[in-house]
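A.B. asks: Take this structure first; my questions come after.
Just so it is clear, none of the values below were taken in a lab; they were calculated from the coordinates. Note that the coordinates shown come from a computational prediction; the quantities given were computed from them, not determined experimentally. So basically every Cβ, Gly included, is an ideal-geometry build from the backbone, and we count neighbours across all protein chains shown.
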Amino acid sequence: MLSKIFKRKALAGAGGEFSESDDLRQFKRAKRKETTFIIALILPYAAGFFVFIVLPVIIAVVLSFTSFDTINFPSFVGLTNYIRLFTEDEVFMQRVLPNTIIFALVAGPVGYILAFTLAWMLAQVTKRPRTILALMIYAPTLAAGVTVQVVWQALFSGDESGYINALMLSWGFISEPVQWLQSPQYLMPIMIIVTVWSSMGVGFLAMLSGILNVDPELYEAAYIDGLKNRFQEIWRITIPSMKPQLLFGAVMAVVATFQAGAIGVMLSGANPTPDNAGQLILNHIEDYGFIRFEMGYAAAISVVLLVMIYCVSKVIRVLLTEKN
């Protein structure tokens with residue numbers, strides 16, 4: 001429509017009659033149609049984003065300033081929940097918060113680096129085996145929680161029939177079965193192992209796509225200019241060429257690790273976990289929200305978790321984006 005209007009202008013400039021007011025009305029009408037079409041395309045996503053993301057966040061923030069037991073109407077208590085969280089909740093400050101930070105700092109970077117390493121290795125093989133291997137690596141993220149629970153509980157079972165105990169007993173490393181999933185000293189490392197195993201999700205696929213889309217001519221030009229080995233190739237060509245995918249993978253890793261919590265409960269079979277060894281912030285929210293029905297306090301914990309994720313994501317964005 002707009003191209004027709006500009007064509008009419010050109011003809012008018014060649015000697016034809018042309019009405020500026022008519023053209024302006026047609027131009028505005030065409031712009032309105034385009035705007036309406038764009039809004040119609042965006043509206044379903046915007047509505048879903050508001051209903052399932054923005055609105056729950058607003059409700060959580062509002063509830064965090066109230067006392068709410070899911071039965072009686074919420075009563076405003078101001079900053080009481082936050083004061084209680086940081087000054088009176090010893091479990092949160094001494095176990096839950098340190099556990100979450102340690103879990104995120106170990107499982108997140110390890111899973112992120114492993115995802116990039118596997119993506120780069122797969123990019124070096126031909127298409128058919130690469131597709132099969134990528135599906136095999138991605139498959140654990142599709143496994144349901146019950147499946148993960150059955151597989152890893154069988155592996156780390158505390159009796160002699162557990163695979164790890166059976167092997168270590170047969171090799172003479174231990175004299176009696178170890179309670180892997182009920183022991184506070186082993187639960188967190190096992191949680192990290194399971195999380196890394198199941199962390200090759202969309203971030204891994206984004207990295208693989210980013211590596212495959214790097215222009216091969218960049219590598220050829222770099223070797224002509226003096227590039228010497230594959231490490232320099234990765235550091236100077238691959239990583240700078242796929243920063244959007246690296247940023248996406250990093251943000252996804254941070255969100256996944258901070259929002260983890262079901263793994264410890266599934267493996268140990270209890271919430272709270274034994275001696276709170278695997279208790280993360282999400283477990284603390286579920287404990288107070290769905291077991292004790294202190295929804296206002298649980299909302300305050302969720303707001304703190306949201307702020308932590310936002311701050312870490314901003315730091316990662318600053319580190320991985322180029323400065324203008």
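A.B. asks: Would you work out which of V202, G226, I263 lies farthest towards the positive end of the dipole of segment 193-263, given +1 charges on the beta-carbon of Lys and Arg and -1 on that of Asp and Glu, about the Cα centre?
C.D. replies: Value: I263.
A.B. asks: Pick out, from I301, L122, N99, the residue whose Cα sits farthest towards the positive end of the charge dipole of the chain, with +1 on the Cβ of Lys and Arg and -1 on the Cβ of Asp and Glu.
C.D. replies: L122
A.B. asks: Of the peptides 27-34, 289-296, how do they stack up when ordered by the mean number of other Cβ atoms within 10 Å, highest first? Spell out each step's value before the answer.
C.D. replies: Details: 27-34: 12.1, 289-296: 16.4.
The densest-packed peptide leads the list: 289-296, 27-34.
A.B. asks: FRET efficiency for W197 and L43, Cβ-Cβ distance as r, R0 = 56 Å, nearest 0.05? Spell out each step's value before the answer.
C.D. replies: Numbers: r = 40 Å, r/R0 = 0.71.
Using R0 = 56 Å, I get an efficiency of 0.90.
A.B. asks: Still on this model: Under a 5 Å amide H to amide H cut-off, with H placed in plane at 1.01 Å, what residues pair with T66 once short-range neighbours are removed?
C.D. replies: Correct list: V77.
A.B. asks: Spelling out what I want: for every residue of segment 160-172, take phi, set θ = phi - 60°, compute 6.51 cos²θ - 1.76 cosθ + 1.60 (Karplus), and round to whole Hz; glycine and proline get x.
C.D. replies: So the J values, rounded to whole Hz, are 5, 7, x, 4, 5, 4, 4, 5, 5, 5, 5, 8, x.
A.B. asks: Moving on to the next point. For a protection proxy built on the mean count of beta-carbon atoms within 10 angstrom, sort 83-90, 62-69, 50-57 highest first, please.
C.D. replies: 62-69, 83-90, 50-57
A.B. asks: Would you mind classifying the chain by shape? Square roots of the alpha carbon gyration tensor eigenvalues, ordered a ≥ b ≥ c; an a/c under 1.5 is rounded, otherwise it is prolate if a/b is larger than b/c and oblate if not.
C.D. replies: Working: a/c = 2.75, a/b = 1.42, b/c = 1.95.
Oblate shape, in that a/c is at least 1.5 and b/c is the bigger or equal ratio.
A.B. asks: Given V312, Y82, L280, which one lies farthest toward the positive end of the charge dipole of the chain, if we put +1 on the Cβ of every Lys and Arg and -1 on the Cβ of every Asp and Glu?
C.D. replies: Sorting the options by dipole projection puts first V312.
A.B. asks: Considering Cα pairs under 8 angstrom that are at least six residues apart, work out the relative contact order of the chain and quote it in whole percent.
C.D. replies: Working: 324 pairs, mean separation 79.7, N = 324.
25 percent.
A.B. asks: Rounded to the nearest 20 Debye, what is the dipole magnitude of the chain about its Cα centre when Lys and Arg each give +1 and Asp and Glu each give -1 at the C-beta? If you can, show how the numbers build up before the last one.
C.D. replies: On the way: 23 positive and 22 negative charges, 367 e Å.
In debye, rounded to 20, the chain gives about 1760.
A.B. asks: Turning to a different aspect of this structure: When you count, for each residue, the other Cβ atoms within 10 Å and take the mean per peptide, how do 120-131, 203-214 rank with the highest first?
C.D. replies: On the way: 120-131: 12.6, 203-214: 19.6.
In decreasing order of mean packing, 120-131, 203-214 become 203-214, 120-131.
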